[in-house]
Amino acid sequence: MSDAAAAVYVRKRYKKWVTQYLDHLQQGAEFAHITLMEAARWKEEGFIVLNMGCNTMCPCELKQLMTNLGCLERPLVDERVFFYHTDLPFMAVKSALVTQGTTLTAIDCSCWEEPGRQIATLYAIPLVQNMNTGSSNRGARYVILMRCDISEVLRGTGTPFQREVLGAERYGEKHPHEAAGADDVRHLRCDAITDIPGAYRVLDFLTPGEHDDILQELQEGVRASAVRTERLARRVVAHFNRRFLYGINALGEVGCDVAPLPSFFAWMRDRLENADPTTTLEPPYPIPRGGFTCDQLTVNFYDYETSRVSGIAPHVDAHSPFEDYVLLVSLGSYTVMEFARGDDGKDAAAAPIGVLLPPCSLFVLSGEARYAWTHCIAERKTDILSESIPKLTRGLRISLTWRRGREGVHRKMECPYPLLCDGV
Ligand SMILES: O=C(O)CCC(=O)C(=O)O
Ligand SMILES: [Fe+2]
């Protein structure tokens with residue numbers, strides 16, 4: 001079985017197990033837990049979080065929720081008590097636990113009848129629908145918390161639970177995508193991300209010098225309060241040219257209630273529509289030369305140094321206020337963006353796809369990727385991108401989200417991707 005097929009298999013098994021578990025719980029219970037652990041035999045160190053039907057939940061929110069529900073007998077003083085991932089392979093956790101020399105042979109629903117043999121305390125917390133527009137999951141939304149000795153589990157599984165990250169093999173490469181042209185023009189290779197139709201990545205969209213200048217300009221602007229920022233739940237944002245009003249998903253008028261344009265605004269906008277004389281974005285870059293002028297820039301600050309968690313919940317950029325093409329330029333730390341296709345709820349546990357976004361890169365969302373897939377940045381601080389890359393820690397990342405405001409009304413009935421459409 002290929003790794004991908006194995007991952008799907010694990011995912012399905014996990015889903016089946018959780019579904020059976022949920023069936024087992026009392027109907028309508030607000031919060032349910034089953035104690036399966038003999039405390040004396042299993043060191044309670046923390047929680048492994050298994051998500052069901054939701055892509056991410058911030059560990060802080062989770063802690064708050066658990067406190068509110070009274071499932072923490074003692075306060076959690078350290079984030080290490082959570083081993084958190086949005087796609088924990090349940091079977092791997094299970095076999096790790098089984099190899100710890102416990103008497104347990106399996107955690108599955110047949111065990112509920114035999115409480116003497118279990119090793120973990122499991123909690124199931126039903127979540128209310130708290131995702132932004134475009135959450136792809138219409139099915140059950142639960143987090144399952146397994147209280148156990150996390151370090152033992154990690155030792156047993158050997159590898160942390162991170163699914164394959166697309167594009168990770170190019171991590172750390174020095175400008176592989178810049179072909180030497182006969183002229184002085186930089187010819188930049190553009191890769192289609194075939195697993196996500198309509199998504200493209202250009203690794204060296206910015207030169208290192210441009211990158212550093214922009215980073216410095218934005219950071220100094222914030223320090224000097226020349227850039228007007230807004231604090232959201234897990235990130236800080238600033239808007240240029242047109243303000244985006246999150247509460248009502250609407251765009252302000254040009255120049256209204258925004259800071260002055262940054263110095264890179266004009267040339268970067270040109271480059272994005274392939275109209276910058278210094279740079280050519282090679283096919284299959286989807287935007288025709290001079291074919292799409294952005295009029296709105298959102299700068300996102302993900303600061304892992306000063307805040308415990310940072311990220312962005314799964315969402316589709318609202319269809320109504322913005323046209324096709326969402327263009328993401330990355331600065332500072334690398335990150336992993338996760339994508340999941342909106343579905344009709346039949347496969348609420350479909351595994352999202354992670355893509356590496358390194359600094360200087362441009363990521364393009366068009367068509368299906370823009371309208372029918374959610375994207376998010378999970379609230380994790382570290383990543384194991386592959387076996388050959390040592391564990392990485394995320395640092396401050398600043399992203400530039402370029403979009404164009406939609407003129408005219410977007411109608412859901414006419415939208416080719418109605419599932420995640422917020423149109424009238
Ligand atoms: O940080 C990013 O690259 C993405 C931000 C984003 O998804 C958004 O602003 O809608
Ligand atoms: Fe977005």
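In order along region 195-204, the phi-based Karplus estimate (6.51 cos²θ - 1.76 cosθ + 1.60, θ = phi - 60°) of 3J(HN,Hα) comes to 5, 10, x, x, 9, 9, 9, 10, 5, 10 Hz; Gly and Pro are listed as x. Convex hull volume per residue, computed on the Cα atoms of region 258-344, equals 171 Å³.
The order of the peptides 353-361, 244-252 by mean Cβ neighbours within 10 Å, most packed first, is 353-361, 244-252. Distances between placed amide hydrogens fall under 5 Å for Phe322 paired with Arg406, all partners being 5 or more residues away or on another chain. Taking 25 °C and 0.890 mPa s as conditions, region 284-424 diffuses translationally at an estimated 149 µm²/s according to Stokes-Einstein applied to its Kirkwood radius (Cα pairs).
Laboratory data are not the source of any read-out in this text; all were calculated from the coordinates shown. These numbers come from a predicted model, not from an experiment. Positions of Cβ are backbone-derived with ideal geometry, glycine not excepted, and every protein chain shown enters the neighbour counts.
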